[in-house]
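Encoded as structure tokens, the structure appears first; notes follow it.
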Amino acid sequence: MRDNSTIIRHGDLQNGNHFLETATTLPLPVDEVFAFFSDAGNLERITPPELAFQIVTGMPIKIEAGTIIEYRLRLFGVPFRWRTRIAAWDPVVQFVDEQIRGPYSTWRHQHTFEPVEEGTRMIDRVEYRLPLGPIGGLALPLVRHQLDRIFRYRANAIQMVGS
């Protein structure tokens, strides 16, 4: 199923960095959408099952600047531990999580929430760098395809929560 309310685009930045941007419009007020995303327990609900995503950090997690969250997941069938830190926290407007340890050389995910006439526009911008330098770059098309699948699944799952 393809979600027509989500726009996804990819691009390249300098020094081997790449980005993914998505925009999804939800028919819910911004405070409800932000509350949903600021509850770490909802991450498992909106992540494709094939990633076997699990939060390792004890629940409930109080999200704020500096909060560290550890996860376990599988990418391309390979198990990983992933640790992120909330680098910026501006309730109802945006938050940023950054990888401390995980499968990417760098990963920075900015979540922005904007009130619009239809409800809330949620914008995600992920800036990342693949591991292994130029050799890792060979996997870029596969990684972009996987990110598309993850964020499209996420958009559809969010739409279901909002209905």
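Bear in mind these aren't lab numbers, they're just calculated from the coordinates by the rules spelled out. Computed from a prediction, not measured in an experiment: that's the story for all the values here. Cβ atoms come from the backbone with ideal geometry, glycine included; neighbour counts cover every protein chain shown.
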(Q) For Asp124, Asp97, which order do you get if you count the other beta carbons within 10 Å of each Cβ and list the fewest first? (A) Asp124, Asp97
Q. If amide H atoms are built 1.01 Å from N in the plane of the peptide, which residues on other chains or at least 5 residues away come under 5 Å of the amide H of Thr120?
A. Leu26, Leu28
Q.
With the cut-off at 1.5 for a/c, could you classify segment 6-135 from its C-alpha gyration tensor as rounded, prolate or oblate?
A. oblate
**Q.** Placed amide H near Ala52: partners under 5 Å, 5+ positions off or other chain
**A.** Arg74
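Output the relative contact order of segment 1-103, whole-number percent, from Cα pairs under 8 angstrom with separation of 6+ residues.
That works out to 16 percent.
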Q: Would you mind ranking Leu132, Leu43 by Cβ crowding within 10 Å, fewest neighbours first?
A: Leu132, Leu43
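Order by neighbour count: His111, His10, fewest other Cβ atoms within 10 Å first, most last.
In increasing order of surrounding Cβ atoms, one gets His10, His111.
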**Q.** For segment 27-38, 3J(HN,Hα) per residue [Karplus equation, 6.51 cos²θ - 1.76 cosθ + 1.60, θ = phi - 60°, Hz, x = Gly/Pro]
**A.** x, 9, x, 4, 5, 6, 5, 4, 4, 4, 6, 8
Q: Pop out the ³J(HN,Hα) list for segment 18-24 in order, Karplus 6.51 cos²θ - 1.76 cosθ + 1.60 with θ = phi - 60°, rounded to Hz; leave Gly and Pro as x.
A: 9, 9, 10, 10, 10, 9, 10
